[in-house]
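Each remark here refers to the structure printed beneath this line.
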Amino acid sequence: MNLRLPCATLSLLLPLCGYASGFEVSQQSASAGGTGHASTARTEDAAAAWFNPAALTDGQGLRIAVGATVAISSLQAQAAESAPDAPWTAETTHGPAVPPHLYASYALGDAAFGLSVNAAFGGGLSWPDDWPYRFDILKSKTQVLRLAPFAAYRVGPVALSAGVHQDFSSLSVFKATDHISEEGSAELLLYGAGLGFDGSVFVELSERAALGFSYKGRTRILLAGDADFTLPPAFASDYPDQAVQAEQVLPDRFTLGVSAGPESARVLCDLGLTRWSVNQSLVFDFAEEVTDDIVQDNRWRDTLSLRLGTEVEGGEAWTLRAGGYVDGLFGAAAPAETLSPASPDTPRLGLTMGGQVRPSETIAIDAFYEFMSLLQRESTSLDAPLATYRGRAHVGGITVSVAIP
């Protein structure tokens, strides 16, 4: 990486941003939320348009679901015992996030088609304005809206689905810059879109047991936008306001699920693989030759998730649910060598509870609550603070569904 800057300003642009398993949004419906977000082998649910569209080939007509999730999280950073600048602590200050979701499908005979609209990926950080590493990062945010139409067909107990997805992504980064006696700022705002492919399989093993598999393909997105530098006059000539581009790769996701149980209850389990290894680096290409391009070393790794839940039906009126999950079963996507305030990735443990009420034969209302713990990790990066990161989140959501046979 080449930056033509005096030593006092070497932190002008590095690191810019980074997301890992916190970038993947698993909270996609209140029905799945109550069972630890395990839903790949679930039937009779409008949210299957996202989790496994092949499961909707049951001839049951029109299904529509709309809802939103509210997440309130905080992340704490603390100097490691071996850090030369210890002690210090800081905590993120960002507000609640409210990703929405909409699912619609129609099943006729052995065929089904439909659409899911949701925030497939997203994340953000906002550190205090005066924290010690404001020259590394102050704020970063990414949002990905996904539109995914599909078609599915059943042959006997086996159903298949295929579809495409269109992702619309935005990425913003803001940080302070150090110029010995003065401070400045650097802000990037980029947008882009990309196309990917999806597929799923649903196997009805018996009336109360099923197997599901879902694949959501990677998306390559060319992001383009503007870089806005507010610097002292002595440094402004090397960093004029200008256009900037970057390629964002959203990972492949594979999920295998099973559901089984007696007539009034069932257990659901999902095992997922996210191919974060597609993100080995992130390159920012600046339009002006005077400003060197930036290559950020990520070296992310693939991650596994395990989700387990159960639900008990109370006749025709209500259902109770409980579950839990581990994201980053054998480690988070970002290795300790690249862990930084811009990418403080940690494994996540979650406990969930929820339920459904059915005020009529065609309407269902689902709600859930989740407590998430972001497990402590310590950075060993040579280009970032020697620090430990940990956090927590409170998540809740509601989904209203309508089914018209």
Scan of region 348-366 for residues that are more than 20 Å from the chain's Cα centre (by Cα) and of a type in the set (Gly, Ala, Ser), ordered by number: GLY354, GLY355, SER360, ALA364
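The rows are residues; the columns are (1) touching a Gly at 6+ places or on another chain (Cβ under 6 Å); (2) farther than 27 Å from ALA41 by Cβ; (3) at pLDDT 95 or above.
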| position | (1), (2), (3) |
| --- | --- |
| PRO240 | no, yes, no |
| ALA243 | no, yes, yes |
| SER259 | no, no, yes |
| THR274 | no, no, yes |
| THR291 | no, yes, no |
| GLN296 | no, yes, no |
Tally of residues being farther than 17 Å from ASP198 by Cβ, at pLDDT 95 or above and either among the acidic types (Asp, Glu) or not in a loop (DSSP other than H, G, I, E, B) (or both) across region 33-53: 1
Residue in region 375-391 that is part of a strand (DSSP E or B) and under 17 Å from SER31 (Cβ atoms) present: no
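One line per residue, one yes/no per condition, for (1) at pLDDT 95 or above; (2) crowded, with 18+ Cβ neighbours inside 10 Å; (3) among the basic types (Lys, Arg):
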| position | (1), (2), (3) |
| --- | --- |
| ALA317 | no, no, no |
| ALA367 | yes, yes, no |
| SER379 | no, yes, no |
| THR399 | yes, yes, no |
Failed condition for LEU306, given (1) exposed (fewer than 14 other Cβ atoms within 10 Å of the Cβ); (2) without any contact (Cβ under 8 Å) to a residue 40 or more places away in the chain; (3) of a type in the set (A, V, I, L, M, F, W, C): (1)
Of residues in region 241-270 being of a type in the set (A, V, I, L, M, F, W, C) and closer than 30 Å to GLU316 by Cα, the one farthest from the chain's Cα centre (by Cα): ALA265
Which listed residue, of ASP345, ASP383, is under 19 Å from LEU138 (Cα atoms) and surrounded by fewer than 17 Cβ atoms within 10 Å (Cβ to Cβ): ASP383
Sole residue being touching a Lys or Arg at 6+ places or on another chain (Cβ under 9 Å) and small (Gly, Ala, Ser), chosen from ALA112, ALA97: ALA112
First in region 238-257 and at negative phi and assigned to a loop (DSSP other than H, G, I, E, B), second anywhere and surrounded by fewer than 18 Cβ atoms within 10 Å (Cβ to Cβ) and among the basic types (Lys, Arg), Cβ under 8 Å, 6 or more apart: ASP238/ARG4; PRO251/ARG218; ASP252/ARG218
For GLY114: the one exception among (1) over 24 Å from GLY196 (Cα atoms); (2) touching a Pro at 6+ places or on another chain (Cβ under 9 Å); (3) among the small types (Gly, Ala, Ser); (4) crowded, with 23+ Cβ neighbours inside 10 Å: (1)
Lone unmet requirement of (1) small (Gly, Ala, Ser); (2) more than 16 Å from ALA30 (Cα to Cα); (3) more than 19 Å from the chain's Cα centre (by Cα) for GLY309: (2)
Region 226-237, subset part of a strand (DSSP E or B) and touching a residue at least 40 places away in the same chain (Cβ under 8 Å), residue farthest from the chain's Cα centre (by Cα): THR230
Qualifying residue in region 30-40 (condition: over 18 Å from ASP327 (Cα atoms), among the polar types (S, T, N, Q), in contact with an Asp or Glu (Cβ under 9 Å, 6 or more places away or on another chain) and buried (at least 24 other Cβ atoms within 10 Å of the Cβ)): yes
Residue match in region 327-338 (condition: surrounded by fewer than 20 Cβ atoms within 10 Å (Cβ to Cβ) and assigned to a strand (DSSP E or B)): no
Residue list for region 339-374, filter: small (Gly, Ala, Ser), part of a loop (DSSP other than H, G, I, E, B) and within 30 Å of ARG63 (Cα to Cα): SER360
Some residue of region 354-370 being out of contact with any Phe, Trp or Tyr (no Cβ under 8 Å at 6 or more places or on another chain) and under 22 Å from ALA90 (Cα atoms): no
Count of residues meeting criterion [over 30 Å from GLU44 (Cα atoms), touching a Gly at 6+ places or on another chain (Cβ under 8 Å) and not aliphatic (A, V, I, L, M)] in region 371-405: 1
Tabulated pairs, region 49-63, first under 12 Å from PRO157 (Cα atoms), second in a helix (DSSP H, G or I) and modelled with pLDDT of 95 or more, C-beta under 7 angstrom, 6+ apart or interchain: ALA55/ALA48
Residue in region 273-326 that is nearest to ARG220 (Cα to Cα), counting only those that are among the acidic types (Asp, Glu) and in a strand (DSSP E or B): ASP285
Boolean, ALA367 is touching a residue at least 12 places away in the same chain (Cβ under 8 Å), among the small types (Gly, Ala, Ser) and over 29 Å from ALA77 (Cβ atoms): yes
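The values are calculated or read from the model by the stated rules, or taken from the named source; none is laboratory data. These figures come from a predicted structure and were not determined experimentally. Here the Cβ is made from the backbone with ideal geometry for all residues, glycine too, and neighbour counts use every protein chain on show.
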